[in-house]
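**Student:** A single structure is presented below for examination.
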Amino acid sequence: MKFKSSFIVILFFLLSACAPRVDRATPTPVVNGAAGIPQVMFDAALTPSPVPFQFNLPTPGAEPVSGWRPPLYPIPWALSPYDHFYFSRPIAADNVNWPLADYRYGGIFFSPDIVHTGVDIDAELNTPILAVGTGVVVSADWGLYTEAPGDQDDPYGQAVVIKHDFGYNDKTLYTIYAHMSEIIAVPGQHVESGDVIGLVGETGITTGPHLHFEVRVGKNTFYNTFNPELWTAPPQGWGVLVGRLMDEKLKLLTRLRVEVSPMPYELPVRTVRTYGVGAVNSDPYYQENLVLSDLPAGVYKITLEYNDEAMQTWIEIFPGQVSYFTFQGENGFDLTRPPAPEPGFLPIDISATPSLVP
Ligand SMILES: [Zn+2]
């Protein structure tokens with residue numbers, strides 16, 4: 001089928017962009033905040049690092065490469081009726097970037113037509129990959145994308161799909177774990193959060209070992225993904241920044257570079273871009289096109305450039321919560337949260353359209 005084959009080519013570029021290229025900090029004991037989940041140790045002989053962030057010096061303005069993180073809040077975690085941090089993390093590490101800065105959800109790597117439907121998490125080859133919530137393994141094989149079991153040309157490589165025991169309202173939740181070096185779970189197996197389901201690898205189309213992780217809502221398809229950073233529990237005491245950035249005519253701004261800096265020292269600066277156009281879905285409540293998780297509670301400065309003009313605002317991040325802002329071009333920033341939905345509000349509306357039309 002012409003569409004699918006061309007799409008695989010596109011996916012090649014998409015997934016080949018998932019190239020870990022960061023220096024890894026000293027491995028530390030892994031902590032998973034969900035109660036009762038045993039800690040997994042990468043290397044117990046090494047000393048945990050108390051350093052909140054490490055800088056990728058001397059590159060100016062670089063994203064912190066890695067960082068210590070507190071244990072996660074227990075799942076499910078939701079302080080408001082609109083939040084749904086239902087999952088733990090698939091790499092139960094407190095020293096890996098989450099996710100890789102340049103390979104977030106909605107990212108565009110090589111072509112304006114290609115959007116990233118998950119997050120990439122850099123990890124050593126054969127690092128354990130953990131189920132992020134209770135559920136049943138519905139697929140554990142090559143061929144997730146091509147729908148051809150055993151297909152070793154599949155861009156996702158060896159991948160596992162978990163259908164979770166819980167949903168979001170009446171929508172089924174799935175999580176996807178791709179590029180495994182080895183699959184450990186078997187189809188039909190019931191897993192708990194923290195169970196090892198496979199090992200980090202570079203099968204499929206990648207240029208280095210990493211985990212490609214997706215959250216799918218409603219249906220187990222490429223077009224039903226949502227931003228994993230809005231579905232996985234924050235580290236304790238840390239929060240999540242969510243934004244909707246538009247021009248004056250309320251048209252979404254794509255690929256806009258935004259800097260987020262903790263006050264008062266303004267270091268480290270973290271950069272994030274608004275979603276590209278394509279097979280990405282915004283949360284039905286927030287209607288966001290930008291998410292930056294893992295921010296220690298505190299005040300941050302948000303800076304961006306619009307029409308050659310520097311625009312900035314300040315926002316407070318609260319423990320375990322979403323802090324929300326909108327931007328409307330020349331009209332600037334607004335920190336008002338979205339209004340409470342109507343009684344008939346449907347939490348999930350799959351609005352993504354295929355990024356490639358055959
Ligand atoms: Zn990826």
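Just so it is clear, none of the values below were taken in a lab; they were calculated from the coordinates. Nothing here was measured: the structure is a model prediction, and the numbers come from that model. Glycine gets a Cβ as well: all are built from the backbone with ideal geometry, and neighbour counts include every protein chain shown.
**Student:** Ranked by Cβ crowding within 10 angstrom, fewest neighbours first, how are Lys219, Lys249 ordered?
**Tutor:** Lys249, Lys219
**Student:** Next question. For Leu290, Leu79, which order do you get if you count the other beta carbons within 10 Å of each Cβ and list the fewest first?
**Tutor:** Starting with the residue having the fewest Cβ neighbours, the order is Leu79, Leu290.
**Student:** Turning to a different aspect of this structure: Test of understanding: ordering Met311, Met180, Met246, Met263 by Cβ neighbours within 10 Å, fewest first, what list do you get?
**Tutor:** Taking fewest neighbouring Cβ atoms as first place, the list is Met263, Met311, Met246, Met180.
**Student:** Once the Cα gyration tensor of the range 238-334 is found, what semi-axes does its equivalent ellipsoid get, as square roots of 5 times the eigenvalues, in whole Å, sorted largest first?
**Tutor:** 20, 16, 11
**Student:** Please report the net charge: other residues with Cβ closer than 12 Å to the Cβ of Lys301, K and R +1, D and E -1.
**Tutor:** -2
**Student:** Which net charge results for the neighbourhood of Val115, defined as the other residues with beta-carbon distances under 12 angstrom from its beta-carbon, given Lys and Arg at +1 and Asp and Glu at -1?
**Tutor:** Residues near Val115 contribute +2 overall.
**Student:** Shifting gears a bit: Let's test the formula: R0 of 41 Å, r as the Cβ-Cβ distance of Thr207 and Glu342. What FRET efficiency results, to the nearest 0.05?
**Tutor:** Rounded to the nearest 0.05, the efficiency is 0.30.
**Student:** Further question on the same structure: Rounded to whole Å and sorted largest first, what semi-axes of the equivalent ellipsoid does the C-alpha gyration tensor of the range 109-261 yield via the square root of 5 times each eigenvalue?
**Tutor:** So the three semi-axes of the range 109-261 are 27, 19, 16 Å.
**Student:** Among the chymotrypsin sites (Phe, Trp or Tyr not before Pro) within the range 199-284, which fall in a DSSP loop and have no more than 16 other Cβ atoms within 10 Å of their own Cβ?
**Tutor:** Counting only loop positions with at most 16 other Cβ atoms within 10 Å, the chymotrypsin sites (Phe, Trp or Tyr not before Pro) in the range 199-284 are Tyr265.
**Student:** If each residue of separation counts as 0.36 nm, what is the full-extension length gain between Asp170 and Ala310 once their alpha-carbon separation is subtracted?
**Tutor:** 46.1 nm
**Student:** Hey, what did the range 238-334 get for relative contact order, percent, Cα under 8 Å, at least 6 apart?
**Tutor:** 40 percent.
**Student:** Also, quick follow-up: What is the extension gain from Leu335 to Glu147, computed as 0.36 nm multiplied by their sequence separation minus the C-alpha to C-alpha distance, in nm to one decimal?
**Tutor:** Between Leu335 and Glu147, full extension yields 63.3 nm more.
**Student:** Roughly speaking, what % of Cα-Cα pairs in the range 280-345 are separated by over 19 Å, rounded to a whole number?
**Tutor:** The proportion of pairs with Cα distances above 19 Å equals 42 percent.
**Student:** So which GluC sites (Glu not before Pro) in the range 164-251 are both in a DSSP loop and have at most 15 other Cβ atoms within 10 Å of their Cβ?
**Tutor:** Answer by residue number: Glu192, Glu248.
**Student:** Report the gain in length on full extension from Lys249 to Met263: 0.36 nm times residue separation, minus Cα-Cα distance, nm rounded to one decimal.
**Tutor:** Separation in residues times 0.36 nm, less the Cα-Cα distance, equals 1.9 nm.
**Student:** Enumerate the aspartates and glutamates that Lys251 could reach by cross-link, defined here as Cα to Cα under 13 Å, with residues fewer than 8 away along the same chain left out.
**Tutor:** Glu288, Glu330
**Student:** Also: Compute the separation of the alpha-carbon centres of the range 280-294 and the range 161-223 and state it in Å as a whole number.
**Tutor:** 21
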